[in-house]
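A short worksheet on the structure shown next.
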Amino acid sequence: MSKRIKRRLLTVGLEFDLMILRWIGHFPSHHVRRFFYRISGMRIGKGTSVHMFASFYEPKNIVIGKDTIIGENVVLDGRDKLIIGDHVDMASEVMIYNGEHDLSDEKFKARFEPVKIEDYVFIGPRAIILPGVTIEKGAVVGAGAVVTKDVPAFSIVGGVPAKVIGERKLKDPQYRLGRAAWFR
């Protein structure tokens, strides 16, 4: 069997696995979903919930800390390292990508960079985080923001592209996000 055929079969197998994970994302119990996400290679901390309808790319490279809430319809890209810290509150329809096409490349090849989201970060609905970004501790990303550069600790960013628009007063967060809803 040629290398090309083997590579294609591996790709089809990965696509099938991701389809199964997407179907599991429709199951109305976060305990069941979390079980299957862990089997797929994702590392998920204690007390963390991933709400329904999430989509993943290469889940084996995704690490989510403890007491974190991942909202409905999120996209988490694990084609490179994606690290999400403890006590992170991620709203619905957030998209985090660590892969994109190189617009300067003649063949439009993909390039990948890790994304890191530190502890106590809040990411508002429909925000987009692009490759290579680090969002430092306690930062807030406003709804609909497109984050193309690192976000400093305890800053508030918004807009397209995201810019610092404020600063969070709480500098030593200790809160817990609470109990996960069983059927959400």
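The values are calculated or read from the model by the stated rules, or taken from the named source; none is laboratory data. As the structure is a prediction and not an experimental result, all values here were calculated from the model. Note: ideal-geometry Cβ built from the backbone for every residue, glycine included; neighbour counts use all protein chains shown.
Out of the residues in the stretch 1-52 that are at pLDDT 90 or above and β-branched (Val, Ile, Thr), which is farthest from the chain's Cα centre (by Cα)? Of everything passing the filter in the stretch 1-52, Ile39 is farthest from the chain's Cα centre (by Cα).
Scanning the stretch 65-104 for residues that are of a type outside the set (A, V, I, L, M), without any contact (Cβ under 8 Å) to a residue 12 or more places away in the chain and out of contact with any Lys or Arg (no Cβ under 8 Å at 6 or more places or on another chain) yields one hit, Ser104.
Of all residues in the stretch 21-31, none are farther than 18 Å from Asn98 by Cα, in contact with a Gly (Cβ under 8 Å, 6 or more places away or on another chain) and assigned to a loop (DSSP other than H, G, I, E, B). Look at the stretch 148-172: where a residue is over 15 Å from Ala127 (Cα atoms) and a partner is modelled with pLDDT of 95 or more and aromatic (Phe, Trp, Tyr), sitting 6+ places away or on another chain with Cβ atoms under 8 Å, you get Glu167/Phe154; Arg168/Phe154; Leu170/Phe154; Lys171/Phe154. The set of residues in the stretch 55-84 that are surrounded by 21 or more Cβ atoms within 10 Å (Cβ to Cβ) and small (Gly, Ala, Ser) comprises Gly71, Gly78.
When the stretch 41-51 is filtered for residues that are crowded, with 17+ Cβ neighbours inside 10 Å and either small (Gly, Ala, Ser) or assigned to a loop (DSSP other than H, G, I, E, B) (or both), the ones remaining, listed by number, are Met42, Gly47, Thr48, Ser49, His51.
When the stretch 101-137 is limited to residues that are surrounded by 15 or more Cβ atoms within 10 Å (Cβ to Cβ) and over 23 Å from Val164 (Cα atoms), the one that is nearest to the chain's Cα centre (by Cα) turns out to be Phe112.
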